Amino acid sequence: MSEQLLPGYIIRNGSSLERSLLLKFMQRTYQDLFPHEDFSHLEQTVKQYFSSDTPLWWVEEEGEQGSRGAGEQGTNKESLSSTPLPLCPSASSPIACLWVGNAIDQVHGNRHAHIFILYVVPEHRRRGIGTALMRYVENWAIQRGDRQIGLQVFQSNKPALNLYNQLGYQTQSLWMVKFLSAEK
């Protein structure tokens, strides 16, 4: 089922048959931020967390839905490779992705939506798609009874930080990391 997200764009539910496409979008998200890293390990994240309890939505240009080839929806090992998406998506490719999981508020104990990934291909950015996706997921979360939405964003991702700040998201905690050496 699909519906109009914005003029010229539709949003549709993803399916479990689209694991490989989700993986490619995840890898592309991180490759945009860290271009020299290998993100083949994200396959394990998709295997572990992608389920009927973690909804996935795709955004496509209006009139392009339904033109995906069967090869994109397969789950064979070959399609789960770490090959990134092409720089310019074909007319049959989704141009944005939103994948949401569940988290527990550690202060109050309430289940809430947690955004695993929100990605818009560069050629379609600054058209309101990210904002529309955030509003879409907020409405979805309200309808299911959630009282908050969580997400993680890298400090270096200024466009994402600006979007989330404009939409009223606030820093609740800081994720801190110390890199350890095996040498003593």
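Can R126 be described as without any contact (Cβ under 8 Å) to a residue 40 or more places away in the chain, open to solvent by 50 Å² or more (accessible area, probe 1.4 Å) and on the phi > 0 side of the Ramachandran plot? When the stated conditions are applied, R126 passes them. I'm trying to understand the selection: among the residues of the range 130-184, which are modelled with pLDDT of 90 or more, open to solvent by 70 Å² or more (accessible area, probe 1.4 Å) and either among the β-branched types (V, I, T) or under 13 Å from I115 (Cα atoms) (or both)? Listed by number, the residues that qualify are R135, I142, Q152, T171.
Going through (1) part of a loop (DSSP other than H, G, I, E, B); (2) at pLDDT 95 or above one by one, L85 falls short only on (2). Condition (residue is more than 19 Å from N13 (Cβ to Cβ), out of contact with any Gly (no Cβ under 6 Å at 6 or more places or on another chain) and not in a helix (DSSP H, G or I)) applied to the range 131-144: is it met by at least one residue? There is no residue in the range 131-144 that is more than 19 Å from N13 (Cβ to Cβ), out of contact with any Gly (no Cβ under 6 Å at 6 or more places or on another chain) and not in a helix (DSSP H, G or I).
Return the only residue of E43, E3 being among the acidic types (D, E) and surrounded by 13 or more Cβ atoms within 10 Å (Cβ to Cβ). Give the derivation first.
On the way: E3 fails: surrounded by 13 or more Cβ atoms within 10 Å (Cβ to Cβ).
Selected residue: E43, the only one of E43, E3 that is among the acidic types (D, E) and surrounded by 13 or more Cβ atoms within 10 Å (Cβ to Cβ).
Can you pull out every residue in the range 10-38 that is of a type in the set (F, W, Y) and open to solvent by 20 Å² or more (accessible area, probe 1.4 Å)? Across the range 10-38, the qualifying residues are Y30, F34.
Within the set V100, V177, V153, V107, the sole residue that is touching a Phe, Trp or Tyr at 6+ places or on another chain (Cβ under 8 Å) and without any contact (Cβ under 8 Å) to a residue 24 or more places away in the chain turns out to be V153. Just one of the listed residues (Y136, Y169) is closer than 25 Å to Q31 by Cα and among the hydroxyl-bearing types (S, T, Y), and it is Y169.
Checking V100, V177 one by one, the residue that is more than 23 Å from K24 (Cα to Cα) and of a type in the set (A, V, I, L, M) is V177 and no other.
The values are calculated or read from the model by the stated rules, or taken from the named source; none is laboratory data. All of these numbers come straight from a predicted model, not from anything done at the bench. Cβ sites come from the backbone with ideal geometry, for glycine too, and all protein chains shown count toward neighbours. Just so you know, the surface numbers come from the protein's heavy atoms only, side chains and all, with ligands and any DNA or RNA stripped out. Shrake-Rupley method; radii C 1.70, N 1.55, O 1.52, S 1.80 Å.
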